[in-house]
Structures are given as C-alpha cells and as structure tokens.
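Engineer: Okay, here's the structure, questions in a sec.
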Amino acid sequence: MAATLADLLEKTEAYLPTEKAARVEEAYRFAEQAHDGQVRKSGSPYIQHPLEVALLLAEIRLDSHTIIGALLHDVLEDCPVAPGDLEQRFGLDVLKLVEGVTKLTKLEDQTTQTDLGSWDGGKAPLLHAASLRKMLVAMAEDVRVILIKLADRLHNMRTIRALPPRKRLVISRETLDVYAPLSNRLGIGNFGWQLEDLAFRCLHQEEYREISRLLAASRSHRETFIHQVVQTLRKETRVARIKADISGRPKHFYSIYQKMQRYAAQGRDFHKIYDLFGFRVLVDDIADCYSVLGTVHSLWRPIPGEFDDYIANPRENMYQSLHTVVMGPGSQPFEVQIRTSRMHEVAEYGVAAHFRYKEGGHGGDHRFDEQMSWMRQLLEWNQDEPGTEQFIESVKTDIFPDQVFVYTPKGQVRELPMGATPIDFAYRIHTELGHGCRGAKINGKLVALDSPLRNGDTVEILVSKTEKGPSLDWLNADLGFVKTANARDKIRAWFRRRARAENIAQGRVLLEKELRRLHIGIADEGVAALLGYDSTDDLLTALGSGATSTLQLAPKLLADTVPAPPLEAPPDTGALPAVMVNGMPNMLTRLGQCCHPLAGDPIVGFVTRARGVTVHRESCRSLHHLTEAERRIAVSWGVPTRPYPAKVAIEAWDRLGLLRDITTVLSSENVNIAAVRSTHHKRGTVVELLTVETSGATQLSRILSRLEQVKAVIRVTRTG
Ligand code: MN
C-alpha cells in the first residue's frame, strides 16, 4: 500500500516540534508540485519516491532538515527548480543537503551507465570505487547527506523490479559492495541488513530461494519454536524480576548466506547450519544483560566459541551487545542477543542515533565526532593524490576493517592487511627496499620493525648502505616481523637464491647460538640425526635459508638431549586456575568473599545483578540464603596452566633502562619473572640472572632470541 503524506506527518509530529513538522508538510507540497506529471519506472507518481525516503528517515527520527532534504532530494536534478529558490524557502542547510545528494546521484547514474557496457557480472566495476569516494567526501561535509542517500538507495532497492534485469544486477552489486557496508560501518544496522537482503535476492537468486525454502519448509514448526523460546525467556526473566523486551525471528537471509559461505570454506556441510533463529532481549541496564545471559545459559547449553561480549569490547562502529548461541529444545541451536535499549538504538541507527540527539540538545557524541574528524582528515590529506583508484581501495579497506592504509613519505597511500609492519610496507613499495630495510620511522619517530601499522601512519623506511639482505628472523612467525604472504615469499626467495655455502655458514651461526642459549652440548652430526636430517650441511642449509627455524628445533633439542636439564613443571603452586561458567572461559567471575573457594573445591556460581558471576563453595552458608535458585549456574575449575621455570643469564653492556627493556620483552610474552639477580663486572658489563616461568620449550627459545635483540645485550643463555 502506498504511503501518504498523512503517514509522514504522523511520524514526524510524534517527535518534532509543531512548527518544524509544518515545514515538513510545506516541503512535501513543494516537491509534489515540482515532480508533478513525472512517473517512476514502476508506474507510480514520482512524489511517492521522495515521500518513502523521508518516511524511512522519519522512522529513525532524524532532524527536520534531513526529512525536508529527503523530500526535496530529486528536485534539483529532475525539475526546473533553482538552488536559489530552495535556499530562500527552506534555508541554506537544506539546500546543502539537497545539493550533496544531487552530486551523488549524478555520479551514480554515470557509473551505472558506464558499467552496463563493460560489466562482467563479477567484481565491483571500477567506477563504483569513485562513487564511494564522492560519498565519503560528502559525508565529511555532512553525514546527513549519506543518510538520505542510504534511504534513497533502500527505497530504490525495494522497487528494483521495475528496472531491466542487467541494471538490477549492477545496482545490486553496488549496493552490496558499497552501500550496505557503509550502512554497517556507520552502525545503521536497520538499513544495512535490508540493503543486504534486497541485493542478495537479486544477485544470488538460486541461493536466496534455497534459504527461503529452508525457512519455509518448517514454517509452522518455526513459529512454534520461536513462541516456545520467547515464552520460556519471558517467564524466567519475570521470575528474576528483570524487565525485558523479548522477540524472536528467523535471521536475515544474507547473514545465513554468509554463514553458508563460511561453512563451505571450512569444508563443512552448510545443511548443518541450524541456527536460523535469532532472539533479542532488551533490558534496562548492563547488569541485567549479564543476568539474562546467566539465565539463558542455565536454560540451554551454550555452544563453545559462539559467545561474544561486545559490551566489554564494543565494535568499532560503537555496537554493543552480548551474543551467544545455545542448544535449544529439540537440538535446535539459536542465537540470543542481549543488550540495553540504549545499545539497541545504537545498533539499529548507529550514527543516526547520535545525530538525532543533537536536535534534543544532547550535543554530539565524542566517539562519533572522533570518527567523523578522522574521515575528514583522511580526505583532506588526499585531495591532490593522483592515484584515485588506489586511494579508493584504501578507503574501502577501512570500511572492510581488516585492512589498514598508510602513507609513503611522499603522501602516497598503501594498503596493507591489519597487523602489517614496516617490513611489509617496505616490501609492498619495492622488493629491494624490503631487502635493505634496517629501521623505520612512523610519523617521524623511530619504531621497532615489528610495530603494527595503523590507519593514517606515514611510514619511512631506513636503509642500510653497507648491509644487504633481509634477516632470517623476519621469517620467524613467532617474532611477528612480517604479516603479508607477499613479503614472506620475497624474503624466502632471497634466501633460496643465496649460495648454499652462505646458507650453511649462516645456519651454523644460528645453530651454535641456539645450542649455546639453550645450554646444550652436542656435536653437529648428533643434532642433524636427532632432527631427522641426512647430513649436517642439510640441516645448516635448512636453517640458513629459513626453511626451518631454531624455534621449531628447540623443543626437540630440549626433550632429547641429556646434558641440559630438562624443563620440568614445578609442583602445583596452588595458583588459581580460571573458572569456567557452563564450560565457557572468559566470563566475568569473582570468588566469593564469604567462603574463599580454592581450586578443586566443589563450586557453584551465582549470577549477580551487577558484577557477573560470583563463585561460591557448594557448602557456602551465604548461598543458602540466596533463595533465587534460577540464578544459580554451573561453574567448574578450568585447566590450570602450570608454568615451566627456566634460569636465564643475560650478559649485556650496562646501560640505563636495560632491565626495563628486558622486563618489557618478558611481560609482552606474559611470563612471570620469579627472581632477578644482577652481577656487575669490570669493563662495564653486567649479567642479569633471571628465573622466568614460561609455558614450555618453544616459548623459552623465542624469549631467548627476543632478549638477544634488546639493545646492548651481548648474549643470552639458559643456565638451568
Ligand atoms: Mn532518489
């Protein structure tokens, strides 16, 4: 049924002051007149389109200028209306919004038309990236332009059937590649999933139908199931005296599809995806979120690895919620999302949620402003950048958040995967630059070569004039120098090409160093045999060319050689292992102050209102006073991690901050230092004797080689 002006006014009058709602009506009349006689491809009067767009935005309660802008968004483009007219009647703010949208629309038309000729049906066509850029530029000026554009796209997707098939595909592809991720990035989940499902339906008709069948096959079963779970949750939250708004529905098609893809990639059977249902519980405060989680987990068994606490760790777009998947009645898994009403608002409306507060005088949200200013900065830095395509790629990667992009000293953008280091960057620029890399500056400051790069960093590579060639350490994944496969391949190739004699020589240095560090006395032939190499030279070549690393050898060497004392676990220190709640680690727990449970005691958990789960002894008296049985939850002691101690001697030139740098390495490895003793020697050297509690031989070997890289350290040896 077609929407009417009355629908829009009803929505806007609910939250806008009367005089502003009146301006909305005026804008509608203006647009109606301007579009008079125009018809959409679907056959309906043109005014229907801006009206629907305005309605979508009124549903998320945006300010009056945005609603008016939405009503007028096509009048400059399609009607004999002058910008001056708009400004005079509706003000400069509205005019700017309409002009912003018009700019984007023009661009969009260009791209869809150009693409029709060359589009191969697969990847996103080239020009789409350019349109994305324009969108971002516009957003940097005013995010409301983007909100109108997203609503515009959403309505166009809803009516896409009126277009010829080929055009439908191009527009759907663009929607899925650019607009849906943008909605999600801005946190407007409410637009995001609709755009995804509509585009998915066009692009993957087969899969869409399949999911549709999957869901339809069991419609009545599904409804019973949802009803049953909702009722149970209602009852249990009522008993716990928690005010909760509970709903359930099948998941969105595209999210089911993505899960199918993931399953397929892992070689799992996608017919085994059962959690087609999602339930949502909205409560008043954070304490209630965790209480409800406890309730859910006590009702149904949680599926390991499916719990996410986005309340403690919000997503970048400010999304907060608890997610868990549990095994429901009839072995039917389902997902439950638990959050407060405020979090829900952010989840549905994202940036828009923050925006609409402005009219109410709440002021901007700090993190939101931060995000916007970041985008703005990004765009300013790059306005003269000639490599538009590359730039877009890098912006796009920010929307797909597993990428970072950084700048060369000349201001060119380079895109790298998240976690990439200066070495990755160097290899990305040029192979020789990678090989020669000896140091790096980020934003003008010297940094370690394993520092992860962050968005917007300017990276300068320092090259050695005398030394040539990469370091074997770079190939050691545990040391984290290199993240990209590209860089790793180039480093490997370099070592492969190097003369065998050189590899053998370097292998010998490495092996001797490792044997000395680990304090193992054994002939080379013995080592080769022990490690399964035909000859010493083969072993040394493998080491020297990076085909294997000392880190891989250390556990074997330590386990099988006699002279060195084996690493032994100490007697149980009584340190408390983590508590698992219903089989899940990492839940917020604390030990009861009333009964002080010790590892091994029979224990039981109690879901508190404010602070997660409290763990009591089963025999605890205070537990008997806690009458609400439904808030009890099964807990167990996790597997204790017993540290392996090793004595280490570090010989170094004495310098200020030496011990600090050593402990930084150790704490980054998360190991305890049980004892430290320093002995000063003549000629300015010092020997630090430490006992470190490692998790085993591999970590020990890694720590030894990392310690040897600390400035002024001469050698590091395991002494016992
Ligand atoms: Mn439009």
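The values are calculated or read from the model by the stated rules, or taken from the named source; none is laboratory data. Everything numeric in this text was worked out from a predicted model, so none of it was measured. Cβ: placed from backbone, ideal geometry, glycine included. Neighbour counts: every protein chain shown. The area values use the complete protein model at the heavy-atom level, side chains included, leaving out ligands, DNA and RNA. Shrake-Rupley method; radii C 1.70, N 1.55, O 1.52, S 1.80 Å.
Engineer: Put a dot 7 Å past each Cα toward the Cβ at Ile714 and Leu462; how far apart are the dots in nm?
Structural biologist: Placing both labels 7 Å along Cα→Cβ, they lie 2.5 nm apart.
Engineer: Tell me, how many Å apart are the Cα centres for the stretch 660-675 and for the stretch 436-473?
Structural biologist: Cα centres, the stretch 660-675 to the stretch 436-473: 24 Å.
Engineer: Any idea how far apart Glu669 and Ser212 come out in nm if each label point goes 7 Å out from Cα toward Cβ?
Structural biologist: 5.9
Engineer: At a 1.4 Å probe, what is the % contribution of carbon and sulfur to the accessible area of the stretch 470-522? Write out the running numbers ahead of the final one.
Structural biologist: On the way: 1330 of 2680 Å².
C and S fraction of accessible area: 50 percent.
Engineer: Quote the FRET efficiency, to the nearest 0.05, computed for Gln266 versus Asp308 with a Förster distance R0 of 25 Å and r equal to the Cβ-Cβ distance.
Structural biologist: 0.85
Engineer: For a quick check of understanding: with a 1.4 angstrom probe and all protein chains in place, what accessible area in square angstrom does Ser668 have, to the nearest ten?
Structural biologist: 70
Engineer: Round to the nearest 0.05 the FRET efficiency obtained for Ser42 and Glu77 when R0 = 25 Å and r is the Cβ-Cβ distance.
Structural biologist: Between Ser42 and Glu77 the formula returns 0.85.
Engineer: Label points 7 Å out from Cα along the Cβ direction at Arg677 and Glu19: separation in nm?
Structural biologist: The answer from the label model is 8.4 nm.
Engineer: Could you calculate the FRET efficiency of Asp284 with His323 from 1/(1 + (r/R0)^6), where r is the beta carbon distance between them and R0 is 25 Å, rounded to 0.05? Let's see the in-between values first.
Structural biologist: Values: r = 19 Å, r/R0 = 0.77.
The value I calculate is 0.85.
Engineer: If you don't mind, there's one more thing I want to ask. Once you wrap a convex hull around the alpha carbon atoms of the stretch 173-227, what is its projected area averaged over all directions, in nm²? Mind dumping the intermediate values first?
Structural biologist: Values: hull surface 18.0 nm².
For the Cα atoms of the stretch 173-227, the hull's average projected area reads 4.5 nm².
Engineer: Which whole-number value in Å² is the accessible area per residue of the stretch 431-516, probe 1.4 Å? Working shown, then result.
Structural biologist: Details: 4660 Å² over 86 residues.
Heavy-atom accessible area per residue stands at 54 Å².
Engineer: Separate question: Accessible area per residue, 1.4 Å probe, Å², for the stretch 164-232: what's the number?
Structural biologist: On a per-residue basis, 43 Å².
Engineer: Follow-up. Return one quarter of the surface area of the convex hull spanned by the alpha-carbon atoms of the stretch 412-455, equal to its mean projected area, in nm².
Structural biologist: Projected over every direction and averaged, the Cα hull of the stretch 412-455 covers 3.0 nm².
Engineer: As a test question: what accessible area, to the nearest 10 Å², does Glu19 have when a 1.4 Å probe is rolled over all protein chains in place?
Structural biologist: Accessible area, nearest 10 Å²: 120 Å².
Engineer: What figure in square angstrom, to the nearest 10, would you give for the accessible area of His680 with a 1.4 Å probe?
Structural biologist: About 120 Å², rounded to the nearest 10.
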